[in-house]
Amino acid sequence: MEDEQDQIEMLSNELVKSFLSTIDILSALVSSQERFYEGSHCHFVAEKSAIVARSLGLNESEIFEIETAALLHDIGKIGYSDVLLSKFPNEMTGHEFDLYTRHAELGKRLLEMHSGFETISEIVYQHHERIDGSGFPQHLKGDRIHIGASIIGVVDFYHNVLYRRKRDRLQHTENSSAPANAANFLQSTQSRYAQAINHLKQKSGSL
């Protein structure tokens with residue numbers, strides 16, 4: 001009986017290791033296409049989403065699922081062109097925006113193929129839904145949206161406003177000296193921070 005218990009424990013540990021290894025591999029793939037950010041977008045969103053989830057009193061299992069979903073929320077964008085990834089949604093053509101909105105469903109399809117990713121894939125699927133139903137892809141409203149998806153939506157927006165670089169800003173950064181770039185970045189971040197916070201306050205309860 002003791003040998004059976006040891007074997008079950010060993011298999012459970014191996015499954016956990018395999019699950020965590022899969023997350024590491026997938027997150028590395030997501031990070032590889034984050035050329036238009038200051039720092040890692042997926043790791044920032046994952047870290048801050050976990051902090052928000054914990055501050056809201058969610059349990060550790062829920063926090064882990066939300067953090068993992070945040071880490072992989074843009075996995076559906078893998079293979080998208082730099083031309084598309086360099087644009088904000090309001091800069092896209094109709095065709096580009098249609099392609100962009102598919103990344104949530106593509107991410108869900110990819111993740112739900114892996115055992116143990118059921119809830120995580122659903123959170124990824126919903127992370128662009130908004131309280132008033134104006135989001136995508138299902139136009140869910142209010143409590144129909146998973147709380148993890150709502151958290152990720154807020155943190156994702158915040159990081160995009162502060163740390164996402166358009167193609168012209170990326171080119172400027174690559175050609176600039178470090179001190180000048182650091183000074184310009186700090187100055188521009190102050191206004192972008194105010195913009196992000198003001199938007200979040202104004203849209204609280206609607207988006």
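What number of residues within the stretch 35-93 satisfy the criterion of being surrounded by 17 or more Cβ atoms within 10 Å (Cβ to Cβ) and among the small types (G, A, S)?
9
Give me the pairs, please: first residue somewhere in the stretch 28-44 and part of a helix (DSSP H, G or I), second residue anywhere and surrounded by 15 or more Cβ atoms within 10 Å (Cβ to Cβ) and small (G, A, S), beta-carbon distance under 8 Å, and either six or more positions apart or on two chains.
Listed by first residue and then by second, the contacts come to S31/S40; C42/S27; C42/S31; C42/A70; H43/S27; H43/S31.
Could you list, in sequence order, all residues of the stretch 48-80 that are aliphatic (A, V, I, L, M) and without any contact (Cβ under 8 Å) to a residue 24 or more places away in the chain?
The initial filter retains those residues of the stretch 48-80 that are aliphatic (A, V, I, L, M), namely 50-53, 56, 58, 63, 66, 69-72, 75, 78.
Residues satisfying the conditions are A50, I51, I63.
Restricting attention to the stretch 73-94, which residues are farther than 30 Å from L15 by Cβ, in a loop (DSSP other than H, G, I, E, B) and among the small types (G, A, S)? Give the derivation first.
Just the residues of the stretch 73-94 that are farther than 30 Å from L15 by Cβ, to begin with: 80-94.
Okay, now just the ones that are also in a loop (DSSP other than H, G, I, E, B), so 80-81, 86-88, 92-93.
Within the stretch 73-94, S81, S86 meet the criteria.
Report the residue count in the stretch 16-34 for those that are surrounded by 11 or more Cβ atoms within 10 Å (Cβ to Cβ), within 14 Å of the chain's Cα centre (by Cα) and aliphatic (A, V, I, L, M).
4
Which numbered condition trips up N13, out of (1) over 24 Å from R164 (Cβ atoms); (2) touching a helix residue (DSSP H, G or I) at 6+ places or on another chain (Cβ under 9 Å); (3) surrounded by fewer than 15 Cβ atoms within 10 Å (Cβ to Cβ)?
(2)
Read-outs: derived from the displayed coordinates by stated rules, not from any lab. Please read these numbers as outputs of a predicted model, since none were measured by experiment. Cβ: placed from backbone, ideal geometry, glycine included. Neighbour counts: every protein chain shown.
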